Amino acid sequence: MKKAYQNTYIRDKKNFQNDIIFLITASLIAIISLIGMTALSVSKEIKTYSIYCLNGMTRKQCIGINAVVISLLVIISTLIAFIVKFSYSYWCYIKRYIDLAAFYSKEHAKAVVKFSNYFSIGTSEAVAVIILLCIAFISAMIIPYFTLKRLDIIQNIKENR
């Protein structure tokens, strides 16, 4: 029994390590993509920010505009992921319920199949998502912050006619 437990523990630990590597890699790719997208957006809109500054906006307000755009992107992508997870969980729940209802009574199927078995968000998952969102937001604000901080308004408008 001890040998079987050790083998199971080693197998589960290896699966966990593989999953962690995949999740970290996916998170890094997403953050790097967000940084690149933000850099492209700022470089494309640098003339617009120059005009804003020329008409009285401060650089901090321009950075704030960019922060709102990044926040919307992060929040919308999180909502889409939540909707996808909810929809897939509901689909699995309904499929299992229909399978059980075909062989047993509907009351028995309702008693056995719970939606919470298919869809749940634990506190550790919520904290991990919030931390990843904060890291994504901060990393996406690095390039716009330094780019807009060093913005030479007059020179930029002259060059980008």
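For (1) small (Gly, Ala, Ser); (2) touching a helix residue (DSSP H, G or I) at 6+ places or on another chain (Cβ under 9 Å); (3) surrounded by 13 or more Cβ atoms within 10 Å (Cβ to Cβ), each residue gets a yes or a no:
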position	(1), (2), (3)
ILE10	no, no, no
LEU34	no, yes, yes
SER50	yes, yes, yes
LEU54	no, yes, no
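Residue by residue through segment 86-111, note down the ones that are loosely packed, with under 13 Cβ neighbours inside 10 Å and either touching a Phe, Trp or Tyr at 6+ places or on another chain (Cβ under 7 Å) or β-branched (Val, Ile, Thr) (or both).
The answer is ILE98, and nothing else.
Select, from PHE103, PHE146, PHE119, the only residue that is at pLDDT below 85 and closer than 30 Å to THR58 by Cβ.
PHE146
The conditions are (1) under 29 Å from ILE142 (Cβ atoms); (2) assigned to a helix (DSSP H, G or I), and MET57 fails exactly one of them. Which is it?
MET57 satisfies all of (1) under 29 Å from ILE142 (Cβ atoms); (2) assigned to a helix (DSSP H, G or I) except (2).
Counting only residues that are part of a helix (DSSP H, G or I) and open to solvent by less than 70 Å² (accessible area, probe 1.4 Å), which one in segment 36-48 is farthest from ILE131 (Cα to Cα)?
THR48
Just name the residue that is farthest from the chain's Cα centre (by Cα) out of those in segment 136-153 that are touching a residue at least 12 places away in the same chain (Cβ under 8 Å) and open to solvent by 80 Å² or more (accessible area, probe 1.4 Å).
LYS149
Go over the candidates ILE94, ILE83, ILE138, ILE75 one by one and state the one that is closer than 20 Å to ILE29 by Cα and either aromatic (Phe, Trp, Tyr) or modelled with pLDDT of 85 or more (or both).
Every option except ILE75 fails the conditions.
Could you please find all residues in segment 112-130 being open to solvent by less than 90 Å² (accessible area, probe 1.4 Å) and hydrophobic (A, V, I, L, M, F, W, C)?
Within segment 112-130, VAL112, VAL113, PHE115, PHE119, ILE121, ALA126, VAL127, ALA128, VAL129 qualify.
Take SER77 and decide whether it is touching a residue at least 12 places away in the same chain (Cβ under 8 Å) and either within 15 Å of the chain's Cα centre (by Cα) or open to solvent by less than 80 Å² (accessible area, probe 1.4 Å) (or both).
The answer is no for SER77.
Does ALA26 qualify as being of a type in the set (Gly, Ala, Ser), modelled with pLDDT under 85 and either open to solvent by 60 Å² or more (accessible area, probe 1.4 Å) or closer than 18 Å to ALA136 by Cβ (or both)?
yes
The values are calculated or read from the model by the stated rules, or taken from the named source; none is laboratory data. Remember, predicted model here, so these are calculated numbers, not experimental data. Cβ coordinates were reconstructed from backbone atoms using ideal geometry, including for glycine residues, and neighbour counts include every protein chain displayed. SASA here: full protein model, heavy atoms, side chains in, ligands and nucleic acids out. Shrake-Rupley method; radii C 1.70, N 1.55, O 1.52, S 1.80 Å.
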